[in-house]
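Structure first, commentary second.
The values are calculated or read from the model by the stated rules, or taken from the named source; none is laboratory data. Keep in mind the model is a prediction, meaning the values are calculated, not measured. Note that we place each Cβ from the backbone using ideal geometry, even for glycine, and neighbour counts take in every protein chain shown. Calculation scope for accessible area: heavy atoms of the full protein, side chains included, ligands and nucleic acids excluded. Shrake-Rupley method; radii C 1.70, N 1.55, O 1.52, S 1.80 Å.
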Amino acid sequence: MSQFQKKVELVRSEVIARDVVRLTFNALEIATAALPGQFVMIQIGSGKDPLLRRPFSIHQTSSEGYLQILFKVVGRGTELLAQYRVGEQLSLLGPLGKGFVLGEPSKACLVGGGMGIAPMLFLASRFQQLTTQGVVPKVILGARNREELLPLIGDFEALGLEVLAATDDGSLGHHGLVTDVLKIINLGSDFTVFSCGPRPMMAAIHHLCLKEDIRCQVSVESAMACGMGACLGCAVPLKAGGYAHACSDGPVFEAGELLWSL
Ligand SMILES: Cc1cc2nc3c(=O)[nH]c(=O)nc-3n(C[C@H](O)[C@H](O)[C@H](O)COP(=O)(O)OP(=O)(O)OC[C@H]3O[C@@H](n4cnc5c(N)ncnc54)[C@H](O)[C@@H]3O)c2cc1C
Ligand code: FES
């Protein structure tokens with residue numbers, strides 16, 4: 001698997017909602033090699049603040065070599081990242097980690113919550129490319145409110161996909177959790193659920209899928225320092241005992257391999 005460390009140019013910066021930003025980089029090698037579910041580590045700033053690269057899921061790629069990330073401003077690194085301007089250069093390392101194992105598009109259900117929606121767009125694009133006879137994957141997206149969710153839904157609809165929405169405050173779609181929607185649509189056991197979002201959301205999805213005998217893959221966003229299997233900073237507990245590296249063994253895992261607590 002090819003990995004690159006490249007200085008790439010920021011070609012677009014969009015504020016999607018309050019504190020939610022999408023950046024587009026001209027990153028031909030990384031974009032071409034990337035698979036859905038993989039991530040990049042980004043060096044933010046040129047000095048020692050912040051010292052470590054920050055990990056971000058690959059949100060979308062294009063055949064022209066553009067690569068997008070979508071992120072929420074939560075601390076020092078993301079605050080600085082949001083301030084970069086078009087034309088500036090950043091160092092990207094990637095694509096890193098193991099991505100989703102794709103199956104039959106008509107038997108796929110993508111579930112993204114909050115910034116866990118980021119990798120779902122890239123995954124949806126790949127499924128859409130595999131789609132035959134107009135049979136498309138199901139998509140369920142959840143966020144706190146309409147403001148955060150609506151602009152992202154448009155990107156999935158542009159791919160020809162219908163989105164089932166859930167918001168915490170009921171301002172768009174179902175008033176409640178993505179898991180409520182997952183229960184309502186009643187998938188068959190021949191489906192695979194692909195999920196990324198807050199850990200409690202993924203734990204609930206895993207337990208639901210387990211009950212219904214549905215395969216479930218999750219992308220785990222644990223804190224990371226090196227992103228390459230060298231520091232043990234990203235250990236995730238396994239059901240069979242011991243730990244895996246989220247950065248190199250994941251970030252995508254079969255949900256049943258991990259040790260969950262609700
Ligand atoms: C594989 C992977 C993919 C990711 N993809 C995305 C993405 O697509 N979009 C996005 O917005 N974020 C994503 N994240 C999380 C992102 O890396 C962190 O939000 C970012 O590193 C925070 O940096 P900071 O310097 O702004 O915040 P810090 O100052 O480092 O931390 C600020 C706050 O955020 C919390 N935090 C830091 N890292 C994480 C994390 N990994 N998970 C949960 N809380 C965290 C800290 O505990 C602290 O409370 C991903 C993380 C991983 C491991
Ligand atoms: S982040 Fe260093 S081992 Fe995974």
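Quantify, in whole percent, the carbon and sulfur part of the accessible surface of the chain (1.4 Å probe; protein heavy atoms only). If you can, show how the numbers build up before the last one.
Numbers: 6140 of 11870 Å².
Answer for the chain is 52 percent, counting heavy atoms of protein chains only.
If you count only protein heavy atoms with a 1.4 Å probe, what accessible area per residue comes out for segment 175-222, rounded to a whole Å²? Kindly include the intermediate steps, with their values, before the conclusion.
Numbers: 2210 Å² over 48 residues.
Roughly 46 Å² per residue, with all protein chains present.
Using Cα-Cα distances under 8 Å and only pairs 6 or more residues apart, what relative contact order does segment 4-96 have, in percent?
Values: 201 pairs, mean separation 39.5, N = 93.
Relative contact order here is 42 percent.
Where only protein heavy atoms count, and the probe is 1.4 Å, what is the accessible area per residue for segment 27-139 in Å²? Let's see the in-between values first.
On the way: 4520 Å² over 113 residues.
On a per-residue basis, 40 Å².
Please report the base-10 log of the normalised intensity I(q)/I(0) for the chain, using a Debye sum with one equal scatterer per alpha carbon and no solvent, at each q in 0.08, 0.10 (1/Å).
Treating every Cα as an identical point scatterer, log10 I(q)/I(0) equals -0.29, -0.47.
Spin-label point model (7 Å from Cα, Cβ direction): what's the S13 to Y243 distance in nm?
Going from the S13 label point to the Y243 one covers 3.5 nm.
Here are some pairs, K6/K98; K72/K98; K6/K107; K98/K183; K48/K72; K7/K138; which of them have Cα atoms lying more than 31 Å apart in this structure?
Details: K6/K98 20 Å; K72/K98 23 Å; K6/K107 37 Å; K98/K183 28 Å; K48/K72 22 Å; K7/K138 36 Å.
Table pairs above 31 Å Cα-Cα are K6/K107; K7/K138.
Starting with the highest mean, order 221-232, 250-261 by the number of other Cβ atoms within 10 Å, averaged over the residues of each peptide.
Numbers: 221-232: 16.4, 250-261: 18.4.
So the peptides 221-232, 250-261, ranked by packing, come out 250-261, 221-232.
Just flag the trypsin sites (Lys or Arg not before Pro) in segment 59-162 sitting in loop per DSSP whose Cβ has no more than 13 other Cβ atoms within 10 Å. Can you show the working numbers first?
Numbers: sites: K72, R76, R85, K98, K107, R126, K138, R144, R146; in loops: R85, R144.
Passing both the DSSP loop test and the Cβ count: R85.
Could you list, bin by bin from short to long, the percent of Cα-Cα pairs of segment 1-95 in 5 Å steps?
3, 14, 27, 28, 19, 8, 1, 0
Taking the Cα centre of the chain as the origin and placing charges on Cβ (Lys, Arg +1; Asp, Glu -1), which of Q43, V136, L96 is farthest toward the positive end of the dipole?
Result: Q43, furthest along the dipole toward the positive end.
Considering only protein heavy atoms, with the full assembly of protein chains and a 1.4 angstrom probe, order Y84, Y243 by accessible area, largest first.
Largest accessible area first, the list is Y243, Y84.
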